[in-house]
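Input: a single structure, listed below in structure tokens.
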Amino acid sequence: MSRIGRLPISLPRGVQVNIDGQSVTVKGPKGEIRRDFDPRMQIVLQEGQLMVTRPSDHGPVRSLHGLTRALLANMVAGVFTGFRKSLEVVGVGYRAELQGNDLVLQVGYSHPVRYTLPKGITVVVEQGNRIIHIDGIDKELVGEVAAEIRAIQRPEPYKGKGIRYLGEYVRRKAGKAGKATVS
């Protein structure tokens, strides 16, 4: 039996779950998420807890068991507390600012780069336009937006300039060694 899949998901106060066939809707103080799950997984709400069961022990069904439970747990956590990813902009003249629903980045190109934020994502820029906080209730979407913003200018290994996750270690390389002077 799956160690993750068999764990019950406790519902905090203020979180409501509606199961309609294989479609699950979770409502909470931060918002509402809806997701469709594989029809082989059985999702049951009993006594304030969500339980996921599987019909057999075949390989694909076993792998879906833990995945379904993890996705449900992330939905519940998202509508109750939300998720946050933080990015750091490093480099001379590099900065980020929020203009309406767009994140405008100055990251070493000849022009500013505009990134339009998807629905359900909020961004806060702080500490002198160097730290970007990405917030949302959908863990998958928050991670995807953070990865897309980081991909605009990945940190380079020589000077470490670029956009990186807050606290990310960037392995540095030694620069080109100068020629030895011949006397």
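The values are calculated or read from the model by the stated rules, or taken from the named source; none is laboratory data. Computed from a predicted structure; not experimentally measured. Neighbour counts run over all protein chains shown; Cβ positions are idealised from the backbone, glycine included.
Residues that are surrounded by 19 or more Cβ atoms within 10 Å (Cβ to Cβ), within 25 Å of the chain's Cα centre (by Cα) and part of a helix (DSSP H, G or I) occur at least once in region 50-66. Residues that are outside any strand (DSSP E or B) and under 20 Å from the mean Cα position of the chain (by Cα) were ranked within region 18-36; the one that is surrounded by the most Cβ atoms within 10 Å (Cβ to Cβ) is Lys30.
This table checks each residue for (1) over 20 Å from Asn18 (Cα atoms); (2) in contact with an Asp or Glu (Cβ under 7 Å, 6 or more places away or on another chain); (3) not aliphatic (A, V, I, L, M); (4) not assigned by TED's automatic domain parsing to the domain that holds Arg13.
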{"site": "Arg40", "(1), (2), (3), (4)": "no, no, yes, no"}
{"site": "Val44", "(1), (2), (3), (4)": "no, no, no, no"}
{"site": "Pro55", "(1), (2), (3), (4)": "yes, no, yes, no"}
{"site": "Gly59", "(1), (2), (3), (4)": "yes, no, yes, no"}
{"site": "Asn74", "(1), (2), (3), (4)": "no, no, yes, no"}
{"site": "Arg95", "(1), (2), (3), (4)": "yes, no, yes, yes"}
{"site": "Gly100", "(1), (2), (3), (4)": "yes, no, yes, yes"}
{"site": "Pro112", "(1), (2), (3), (4)": "yes, no, yes, yes"}
{"site": "Gln127", "(1), (2), (3), (4)": "yes, no, yes, yes"}
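Considering region 68-102, and only residues there that are basic (Lys, Arg) and within 17 Å of Thr122 (Cβ to Cβ), the residue that is surrounded by the fewest Cβ atoms within 10 Å (Cβ to Cβ) turns out to be Arg84. Can you spot a residue in region 147-163 that is more than 13 Å from the chain's Cα centre (by Cα), touching a residue at least 12 places away in the same chain (Cβ under 8 Å) and in a strand (DSSP E or B)? For region 147-163, residues more than 13 Å from the chain's Cα centre (by Cα), touching a residue at least 12 places away in the same chain (Cβ under 8 Å) and in a strand (DSSP E or B): present.
Scanning region 99-145 for residues that are more than 20 Å from the chain's Cα centre (by Cα) and either within 20 Å of Thr81 (Cβ to Cβ) or part of a loop (DSSP other than H, G, I, E, B) (or both) turns up Gly100, Val107, Gly108, Tyr109, Ser110, His111, Pro112, Gln127, Gly128, Asn129.
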